[in-house]
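Once you've had a glance at the structure underneath, I'll fire off some questions.
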Amino acid sequence: MGFMFHDSTNLLRAHYLPHCYCNTIAAPVSISNHKHKMNLLCAAVLFNGLTQQAWSFTIKIKPLGHFTAHTQIRKLHSTQESQSQFNIDTNENTPQLQLRTSLPECQYTQVMHTNDLMPISTELRKHYDTHFQDPRQPDGNRFVWDPWYVNVGDGKQPQNDDENTAQELNMNMDEDHLVPGEQEATDGQTQYSLKRIQANNFFNDHDFSTLVEDLTLLGRSIGLTAITPPWISMYTDGDMQNLHTDAPQGPVAFVLSLCREHEFQGGETIMLKPNVMELWKGFDGSVGMETGSIMRYIPPTPLGRCIVFDPRVPHGVNRVKGSSGNGNDPRKARVVVHGWFNNPEVCWFGNWEENDLEKMNAMLDKALQPIVESLGSGEIGRVCGYLACRIEIDEDGDVKDVVGVCDTLQADWDDFRGVIGYDEEDRPVMEEASSDIKLTIYENMKGLNFGDGDDGRAVVVPFAFE
């Protein structure tokens, strides 16, 4: 399992099946004593962010069956098809993202990327090209694409009073200060314009299974063992996505490019830069900003590049301008596969014996107890986001390093403590809750010993703070 810190009474476990999407709600048993020994594969720790300084939390125990290797989600290799209770990956060529920073120095990373999915991306593009090869050839499968067009004001029909209240807060905040006609102008803006289809309804079974396998392998490298059903989207001339967020879908989002070079303009993934998200923190009125200081523009090419990013950040797709004379040709479109990683669980890499992992699991549990206690005591300010820590192990079982492989932690400014002390020169020391949490995790893991074995073994421990 992974550590989930949020305010929900139930933990939604989203598993991807080859031909359907199955949501199962686990019904955990609450344990009031936070010192209760818990198996990492059977428990989730949920923290409730309250208005008080301290955090309130309970330990939720889940049935072991919810934490099996999830062979229904993906098959790693034939050696991994047993019903192991642990997520073990012996594949030396597992896709990896580029982030690997020693945990105490690890910083919030908005976007990561990899080219390790190039082989399956090439095959998927071949299938796409074959599908649209002859525009005169009748093909009923072409009609299954959803031409998805949504204006900002479309579909806002609240179903109950709670939704109505939330919508009013969202839409009418500072209503008295709106310029006449502003709300109407906002509602008329394009939110989404593209053509899309569920990937399992487009690709053949073999290519789709390989896609799911490769994506979930990539997710496992950052402690996320499942994906939402992936979409394939096509953007022709004029298509775009306006700024939006996807926080409820999963801790991190992915976009896999099937685009070829020089066939269209625009189509970049756009998102606000971190400094804009904290505009008034240390604001300097003497410095102006232009687009390059406000927005990120991530190219849609090369084919096979997969970007993984924080979906809480406002993001979108820059308007596509098609080639002259054939801007609506699907053969020259922006084509991507996209979705979200979720389902955090401890993942083991390298050659491990399952009998040894029982002991290793108990050791991890013990090492993480001080972290649970520190967070529960209110000693560290509240944070939100996702953190995946990779413990790298040598042949003697000692920890070579604890590195961050995914870090979207941000401090909650509603729980900011300000000055928490002074250094030896009497200078104020400001709280940095994200750094405090990472240092606490590092200090409690760096002294572990996992027993003799092959060099290159590792374990990824995920933490989700919501």
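Once you place label points 7 Å from the Cα toward the Cβ at Glu395 and Gln265, how far apart are they in nm?
5.8
Multiply the residue gap between Gln98 and Gln183 by 0.36 nm, knock off their C-alpha separation, and tell me the result in nm, one decimal place. Before the final figure, lay out the partial values.
Numbers: separation 85, 0.36 × 85 = 30.60 nm, distance 4.23 nm.
Length gained, Gln98 through Gln183: 26.4 nm.
May I pose another question? Take every Cα pair under 8 Å in segment 256-350 that's 6+ residues apart, average their separations, divide by the length, and report that relative contact order as a whole percent. Don't skip to the end; give the middle numbers.
Details: 117 pairs, mean separation 45.6, N = 95.
Relative contact order here is 48 percent.
Something else about it: Taking the number of other C-beta atoms within 10 Å as the exposure measure, put Ile120, Ile294 in order starting with the fewest. Don't jump to the answer; show the numbers that get you there.
On the way: Ile120 22, Ile294 12.
Fewest-to-most Cβ neighbours within 10 Å comes out as Ile294, Ile120.
Which net charge results for the neighbourhood of Cys306, defined as the other residues with beta-carbon distances under 12 angstrom from its beta-carbon, given Lys and Arg at +1 and Asp and Glu at -1?
Charge balance near Cys306 sits at -1.
With only Lys, Arg, Asp and Glu charged, each at its Cβ (+1 for the first two, -1 for the last two), find how big the charge dipole of segment 278-427 is about the Cα centre; round to the nearest 20 debye.
Details: 16 positive and 27 negative charges, 356 e Å.
Dipole size: approximately 1700 debye.
Here's another thing I want to ask about it. Contour minus end-to-end for Asn326 and Ser286, with contour as 0.36 nm per residue of separation and end-to-end as the Cα-Cα distance? The partial results should precede the final answer.
Working: separation 40, 0.36 × 40 = 14.40 nm, distance 4.63 nm.
Full extension from Asn326 to Ser286 adds 9.8 nm.
Quote the FRET efficiency, to the nearest 0.05, computed for Lys126 versus Ala247 with a Förster distance R0 of 22 Å and r equal to the Cβ-Cβ distance. Working shown, then result.
Values: r = 35 Å, r/R0 = 1.58.
Efficiency, from the Cβ-Cβ distance: 0.05.
To the nearest 0.05, how large is the calculated FRET efficiency for Ser293 and Glu443 if R₀ is 45 Å and r is the Cβ-Cβ distance? Don't jump to the answer; show the numbers that get you there.
Working: r = 37 Å, r/R0 = 0.81.
Computed FRET efficiency for Ser293 and Glu443: 0.80.
Once the cut-off is 17 Å, how many percent of the Cα-Cα pairs in segment 287-362 end up in the long-distance tail? Can you show the working numbers first?
Details: 1991 of 2850 pairs.
The proportion of pairs with Cα distances above 17 Å equals 70 percent.
Continuing with this model, one more query. If we count other beta carbons within 10 Å of each Cβ, what is the order of Ser221, Ser293, Ser257, Ser286, fewest first?
Arranged by neighbour count, lowest to highest, Ser221, Ser293, Ser257, Ser286 become Ser286, Ser293, Ser221, Ser257.
Using Cβ contacts closer than 10 Å as the measure, can you line up Leu215, Leu279 from fewest to most? If you can, show how the numbers build up before the last one.
Details: Leu215 25, Leu279 11.
The fewest-first ordering by Cβ neighbours comes to Leu279, Leu215.
Excluding Gln110 itself, calculate the net charge of residues whose Cβ lies under 13 Å from the Cβ of Gln110, where each Lys or Arg counts +1 and each Asp or Glu counts -1. The partial results should precede the final answer.
On the way: positive: Lys273, Arg296, Arg312; negative: Glu278, Asp310, Asp407.
In short, 0.
Just so you know, all these numbers are worked out from the coordinates, no wet-lab data involved. Keep in mind the model is a prediction, meaning the values are calculated, not measured. Here Cβ is always computed from backbone atoms with ideal geometry, including for glycine, and neighbour counts include all displayed protein chains.
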